[in-house]
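Colleague: Sharing a structure below in structure tokens format, with a few things to ask.
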Amino acid sequence: MASATVLTPAAPVPPHDVAAAAPMPDIMPPVKARRGVTGFLWRHPTIAVGGALLLLMVFIAVFADYLWTVDPTALAPARRTREPSAQYWFGTDMLGRDVYSRVIFGARVSLIVGFAVAILSSVIGLAIGLVSGFVRWADGIIMRVMDGMMSIPPILLAIALMALTRGSVRNVIISITIAEIPRVSRLVRGVVLSLREQPYVEAAVASGTRTPVIIWRHILPNTIAPITVQATYICASAMIIEAILSFIGAGTPPIIPSWGNIMAEGRALWQVKPYIVFFPAVFLSITVLAVNLLGDGLRDALDPRMAKRI
């Protein structure tokens, strides 16, 4: 006879194993997402850091009339090349002028040039880019002119333009703006060319919508984000170019305190009195770093792909 198969019951699962296998309930309550300005800055720390540094420099430039200790243009040969002290925080230059007061007023010149160039070049470049990207017959002419201007480095073009005029803050702004316009116009043209082929734009054209209305409603709003990011980089570049122009004597006149002028006047004493060049260079570096951090943060925040990752 065949032996019967005996079925043994499965071993019971210990109580602790059952508890381990079961999903554990959430003990900690879910963390609410931060909203508002605080949440935005929390998600984009580079904007917070860059914005804070830039606001500090703007505060110094705006209230320079109240922060200076000695008249920045007062000459005093008896106190020239003094080391930093409680009376002269950043020391004095070879003409006895207070370096701290000159650096404070130099922030005003650099920020005015940077902001003015960024705004003017963005507005003019936006207009040129819209016309070039949406008007086919004008595209070839405009872009060839822009290509010719871009073939010259911005600093060399600014020097050439400043050589035709006399040194002043206004002429520095104009020369740097002309050198930066091609960069913005090509950026806007590329955006317009990609938007022009979108279905909603083609539908607007097919429905008989006028070109100015299409540009205002469909094209222009989509160019704000890239232009905003580009404007921050142009602002930083303009401040550097202004410092270079003043350093070589082609920018603002020596009577106007600027970081480039201060460094140019102190380069002859760099080995024995490095503080004359050091302090304006530090302020320039911090300001440019702040603007670049702000631009990087805005790029990440305004880019939908980067926003999804964050």
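Colleague: Test G106 against the stated conditions and say whether it is assigned to a helix (DSSP H, G or I), in contact with a Pro (Cβ under 7 Å, 6 or more places away or on another chain), under 22 Å from G260 (Cα atoms) and modelled with pLDDT under 90.
Modeller: Criteria met by G106.
Colleague: Evaluate the following for S85: is it buried (at least 16 other Cβ atoms within 10 Å of the Cβ) and of a type in the set (G, A, S)?
Modeller: Taking the combined requirement at face value, the residue does not satisfy it.
Colleague: Checking I124 against (1) β-branched (V, I, T); (2) over 30 Å from R299 (Cα atoms); (3) in contact with a Ser or Thr (Cβ under 9 Å, 6 or more places away or on another chain); (4) in a helix (DSSP H, G or I): exactly one of these is not met. Which one?
Modeller: Tallying (1) β-branched (V, I, T); (2) over 30 Å from R299 (Cα atoms); (3) in contact with a Ser or Thr (Cβ under 9 Å, 6 or more places away or on another chain); (4) in a helix (DSSP H, G or I), I124 fails exactly one: (2).
Colleague: Taking into account only those residues within segment 215-273 that are assigned to a helix (DSSP H, G or I) and of a type in the set (D, E, K, R), which is surrounded by the most Cβ atoms within 10 Å (Cβ to Cβ)?
Modeller: E242
Colleague: Going through segment 139-151 one residue at a time, which ones are touching a residue at least 12 places away in the same chain (Cβ under 8 Å) and either assigned to a loop (DSSP other than H, G, I, E, B) or buried (at least 16 other Cβ atoms within 10 Å of the Cβ) (or both)?
Modeller: D139, I142, M143, M146, M149, M150
Colleague: Please determine, by comparing only the residues of segment 169-215 that are among the small types (G, A, S) and within 26 Å of L120 (Cβ to Cβ), which one is modelled with the lowest pLDDT.
Modeller: Among residues in segment 169-215 that are among the small types (G, A, S) and within 26 Å of L120 (Cβ to Cβ), the one modelled with the lowest pLDDT is S194.
Colleague: Would you check if there is a residue in segment 63-74 being assigned to a helix (DSSP H, G or I), among the small types (G, A, S), exposed (fewer than 15 other Cβ atoms within 10 Å of the Cβ) and more than 28 Å from the chain's Cα centre (by Cα)?
Modeller: Checking segment 63-74: not a single residue is assigned to a helix (DSSP H, G or I), among the small types (G, A, S), exposed (fewer than 15 other Cβ atoms within 10 Å of the Cβ) and more than 28 Å from the chain's Cα centre (by Cα).
Colleague: Something else: With the requirement that a residue be assigned to a helix (DSSP H, G or I), closer than 26 Å to A107 by Cα and among the hydroxyl-bearing types (S, T, Y), what does segment 166-188 give you?
Modeller: Across segment 166-188, the qualifying residues are S175, T177.
Colleague: Which residues, counting only those in segment 176-205, are more than 17 Å from Q230 (Cα to Cα), among the polar types (S, T, N, Q) and either touching a His at 6+ places or on another chain (Cβ under 9 Å) or touching a residue at least 60 places away in the same chain (Cβ under 8 Å) (or both)?
Modeller: The one that is more than 17 Å from Q230 (Cα to Cα), among the polar types (S, T, N, Q) and either touching a His at 6+ places or on another chain (Cβ under 9 Å) or touching a residue at least 60 places away in the same chain (Cβ under 8 Å) (or both): Q198.
Colleague: Just checking, which of L157, L161, L111 is in contact with a helix residue (DSSP H, G or I) (Cβ under 7 Å, 6 or more places away or on another chain), within 26 Å of G51 (Cα to Cα), in a helix (DSSP H, G or I) and aliphatic (A, V, I, L, M)?
Modeller: Answer to the selection: L111.
Colleague: Quick one: G148 ticks every box in (1) within 25 Å of the chain's Cα centre (by Cα); (2) modelled with pLDDT of 85 or more; (3) not aliphatic (A, V, I, L, M) except a single one, so which number is it?
Modeller: Every condition holds for G148 apart from (1).
The values are calculated or read from the model by the stated rules, or taken from the named source; none is laboratory data. Nothing here was measured: the structure is a model prediction, and the numbers come from that model. Backbone-built Cβ (ideal geometry, glycine too); neighbour counts: all protein chains shown.
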